[in-house]
Amino acid sequence: MVSGEMMITYLFSGLILFYFIGAVSAVLLNKKDGVCAFISFISAAVASVFGIIFSLSVIWGDPFSLALPGTSFLQFGIFVDALSAFFILVISVAVFAVSIYSIGYVREYFGKKNIGYLGFLYNIFILSMILVVSANNAIMFLIVWELMSVISYLLVVYEHEKPETRKAGFIYIVMTHIGTGFIILSFLILAGSSGSFNFETFRAAGVAMPPLLRDMAFVFALIGFGTKAGIVPLHIWLPYAHPAAPSNVSALMSGVMIKTAIFMMIRVFFDFLGAGQAWWGYLVLAVGTLSAIIGILYAVVEPDIKRMLAFSSIENVGIILIGIGASMIFFEGGRPGLAAIAAIAALYHLLNHSVFKGLLFMGAGSIIFSTHTKNIEKLGGLIKKMPVSSVLILVGVLSISALPPFSGFVSEWLTFQSLLLGFNFNTFTMIVLSISAAVLALTGALAAFCFLKTFGIGFLALPRSEHAEHATEANTPMLLGMGLFAILSILLGILPFYILPALDRVTRTFIGVSAFSQFFSISTFGTIVLPAKSSLSTPLLLVLMFIFLLVPFLLLYNARKSRAIYETWGCGQPVSTSRNEYTAHAFSKPVEMWFKNLYRPARQTEATYSASPFLKESFRFESRVEQVFEEYIYDPVVRFVMAKSQSAKVVQTGSIHAYLSYIFATLIILFMFVIAGGS
Amino acid sequence: MSEIILGSKMVQLIIALILVSTFLILGSTRLYSCVRAFGIQSFLLACVAGIVAYSTGKNDIYIVALLTLVIKAAVIPYIFIYIIREIKVKREVELYVNVSPSLIIGGVLVVISYYLIRSINILSELSSFALSASMSLVSIGLFVMISRKKAIMQMLGILIMENGLFLGAISLTYGMPLLVELGIFFDVLIGVLIMGILIFRINKTFESIDTDMLKTLIG
């Protein structure tokens, strides 16, 4: 009989071991594509099962720590409290479904690409994410953080034969290193005050630091981790990197990797810096609100489905940060109960997002797998060609649109509630929170609009191109992976009363108080009761929805007697062709017009006439929206740097003698320096 | 005791001769005489090592001395001559800096090295003589690399620097552990072979071993 503590150590070792097995076997079995994919992804899935059991037992038990051999200066180690465990849980759940999906998905690469390389990177990537959330030393953290960034870069450029993929990889690696630079600055400030790189000492030092240093540490951490999380205006890499990566990897990057940045934000803001000053919370709230609205606005007009999902990730990170910002405001204002509710809302949304965004990216992968296009205008009618995938994607679409009884609804409801509960705080907070809540409401509506468009244009009606015409259903492992997430989306939507107490244990680690039963409770029918009498019962809602769902069927049954089936009248023109369909661009046109100032749409039309000016031979229409942040913030900076680099290039003559002369001159100057100083 | 060996007139004389051989390299415009001067320099270095071995009584320094004699004074000059013969280039050095300014700069470098070592001030008067010679060798080696066009001279320059380091090491430590010395010799030998191959490649690509041509490689 092994003791509980030993058990947990075994679980953690098993988790790491299986990722290693996955990585190594991927390399060893490189020659046989099928076997290689199967073994490496299955062992990732096994490792994730270890991860799920491990993290659940830490959340419901005690923190786990493990010291690795080191010197007194650098003491590397693993520390997993309930917060880290929650993120390990999120990672593991996502990895389990995505790994099963990957077994089917990588068949597309068989014979074309190196599967062993993909399997190796995939396993190491997940391992690095696990270590990021469990490192207890700043240096160790930076090492695994860099490992995660570099490996994810290699995964992004996996299809490196496409030039746009290489560009995406370049933008990603530049942005992520800018972020890492700020993280290092922030950690150096913290380490300078605490005298050690251990995270435990950061906790004590953060509170005692002079205000200016704390502010700097906060701002640098926000920029650094914000870059990885994809907050506006540091988000530009997401719409490039996520579409470029293979879809199983995008599911992990968007669903999980950007969440590790949220994890570190919570760690730094609450744990290390003690939520600091009032304006921190407002800043995070403002950044979150801005990211939410900007992200979804770009998602609405994006024709590339994977790019659209990447923009939507920016939106969802925004929503999570709204929760965290509100939590910081409440925490700093001495209302830990409210802070806990806001933080629970944020973490719940984080969990939900990793599930439904994973599902949607896998869905996008299935579409690309069978149609070989990412352009929504070229899809259509997929519900008839790939019925199971379509239903599963529909579940994801409904979840992300925050419709009950799916998962997105509960967490967005909680976020709203936590914002509204803060109204009796003070006038300024009330104004800020109400603006944020209003923007969040708009975001929700636009998200629903955006995904309605995606599903309606992509899956309904008739195929718009050859690609969509010949689409076939995805293979079994892919459907299994997506199915798992679809079921999870529904469960997270109707069973929140099981999840909230667990989340409460997680938020307790950094808020300090338990909100469950003190500030919110769960009564009969799984009703979540919040302060100020707001309550929600998801099971009752589900029952109610089923009752209402019956209504149209009953009406239909009554109307059957007098129904005549006949073709639609189309003024003498044939109606049932795809040329008559509503396009995605036309659908999102109203939004494009309302937010003209942001999009700055440009259009170009070109018509060729045959014989008479009344007979158009062909007509070409092109429309594009501006990426404001890239064109007005990043491009000028890039141009400036490039111009300066051009003039600095003079020293690079390419002549061996010149380079040697530089060394020689430096040497002589140093000699002179020593002679002058020494005598 | 160890102070006495390096202070002895014998060693001082040899070190002075090493410097002279370095100036021979600076002063000649024929590739063969440069290589010959390098061979003499290495031979003198082997003599220093031999005297150190004799007066400290450490047997492994004899091995070092012998290795210096074989590798640096015989094998490497032979490789040089082989390369020069095989490549069939004009046997002139081709300078950026002419002979007389080169000699003056060499002299200035020796003076700077002397002052440098004197200003460090942690060494006794006697071994500082060897150390300043070693410093001069390093800086003159670098200067040879800069001021000569042919790739062979860059190779020679780096070997002069290596000799300087060897002289410095032996005058400071009176013999490093044999394993380290063997490692260094191995490094030098392999380095020379690789540089030789590189020179052949450069010659094949550019029809010349003028390193100025490498400018065209710039992206």
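Just so you know, all these numbers are worked out from the coordinates, no wet-lab data involved. For clarity, every value in this text was computed on a predicted model and none was experimentally measured. Reconstructed Cβ throughout: ideal geometry from the backbone, glycine too, with neighbour counts over all protein chains shown.
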Place a +1 charge on the Cβ of each Lys and Arg in chain A and a -1 charge on the Cβ of each Asp and Glu, then give the dipole magnitude about the Cα centre in debye, rounded to the nearest 20. 880
If r is the Cβ-Cβ distance from residue B:100 to residue B:206 and R0 is 30 Å, what FRET efficiency results, to the nearest 0.05? 0.50
Using Cα pairs closer than 8 Å and at least 6 residues apart in sequence, work out the relative contact order for segment A:579-679, in percent. 17
Which order do the peptides B:15-25, A:579-589, A:312-322 take when ranked by the mean count of other beta-carbon atoms within 10 Å per residue, highest first? A:312-322, B:15-25, A:579-589
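How charged is the neighbourhood of residue A:175? Take every other residue with its Cβ under 13 Å from the Cβ of residue A:175, and add Lys/Arg as +1 and Asp/Glu as -1. Numbers along the way, then the final one.
On the way: positive: A:167, A:228; negative: A:630.
Spelling it out: positives minus negatives among the neighbours equals +1.
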Answer with one residue from A:647, A:609, A:595: the one whose Cα lies farthest towards the positive end of the charge dipole of segment A:527-679, charges on Cβ with Lys, Arg +1 and Asp, Glu -1. A:595
How high is the relative contact order of chain A? Use alpha-carbon pairs under 8 Å, at least six apart in sequence, and give a whole percent. 12
Only Lys, Arg (+1) and Asp, Glu (-1) charged, at Cβ; segment B:1-137 dipole about Cα centre in debye: 380
Residues of A:652-665, mean number of Cβ from any other protein chain within 10 Å of their own Cβ, rounded to a whole number? 5
For the protein assembly as shown, treating each Cα as an identical point scatterer without solvent, what Debye log10 I(q)/I(0) comes out at q = 0.08, 0.11 1/Å? -0.87, -1.19
Considering only DSSP states other than H, G, I, E and B, which GluC sites (Glu not before Pro) in segment B:46-128 qualify as loop sites with at most 14 other Cβ atoms within 10 Å? B:125
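Can you tell me, using C-alpha contacts under 8 Å and at least 6 residues apart, the relative contact order of segment B:2-213 as a whole percent? Write down the numbers at each step before the final one.
On the way: 264 pairs, mean separation 47.6, N = 212.
Relative contact order, segment B:2-213: 22 percent.
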Vicinal HN-Hα couplings computed from phi for segment A:472-486 (Karplus, 6.51 cos²θ - 1.76 cosθ + 1.60; Hz; Gly/Pro x): 10, 5, 5, 7, 4, x, 5, 5, 4, x, 5, x, 4, 5, 5
Within a Gaussian network of chain B (alpha carbon springs, distance under 10 Å), most fluctuating of B:183, B:50, B:106: B:183
Cleavage-rule hits, GluC sites (Glu not before Pro), segment A:156-219, DSSP coil, Cβ neighbours within 10 Å at most 15: A:161
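On full extension of the chain, what length is gained from residue A:606 through residue A:631, given 0.36 nm per residue of separation minus the C-alpha to C-alpha distance? Please report the intermediate quantities before stating the final value.
On the way: separation 25, 0.36 × 25 = 9.00 nm, distance 2.57 nm.
Answer, rounded to one decimal: 6.4 nm.
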With Cα springs under 10 Å, the Gaussian network model of chain B assigns the largest mean-square fluctuation among B:36, B:118, B:148 to B:118
Estimate the FRET efficiency between residue B:62 and residue B:33 by the formula 1/(1 + (r/R0)^6), using the beta-carbon distance for r and 30 Å for R0, to the nearest 0.05. 0.45
For segment B:2-213, what does the alpha-carbon gyration tensor say about shape, rounded, prolate or oblate, given a ≥ b ≥ c as the root eigenvalues, a/c under 1.5 as rounded, and a/b over b/c as prolate? oblate
Out of B:145, B:153, B:195, a Gaussian network model of chain B with alpha-carbon springs under 10 Å gives the largest mean-square fluctuation to B:195
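Under the classification rounded if a/c is under 1.5, otherwise prolate if a/b is larger than b/c and oblate if not, where does segment A:1-94 fall, given a ≥ b ≥ c as square roots of the Cα gyration tensor eigenvalues? Before the final figure, lay out the partial values.
Values: a/c = 2.33, a/b = 1.60, b/c = 1.46.
In terms of gyration-tensor shape, prolate.
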Three-way shape call for segment A:628-678 based on the alpha-carbon gyration tensor, with the a/c threshold at 1.5: oblate
Rounded to whole Hz and in sequence order, give me ³J(HN,Hα) for segment A:200-217 from the Karplus expression 6.51 cos²θ - 1.76 cosθ + 1.60, θ = phi - 60°, writing x for Gly and Pro. 4, 6, 4, 4, 6, 6, x, 6, 8, 6, x, x, 4, 5, 5, 4, 5, 4
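Take the residue pairs A:306/A:589; A:259/A:385; A:112/A:306 and return only those whose Cα atoms are more than 26 Å apart. Mind dumping the intermediate values first?
Values: A:306/A:589 20 Å; A:259/A:385 34 Å; A:112/A:306 22 Å.
In this structure, A:259/A:385 lie more than 26 Å apart at Cα.
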Mind giving me the FRET efficiency for residue A:648 and residue A:184? R0 is 22 Å, r the Cβ-Cβ distance, nearest 0.05 is fine. 0.35
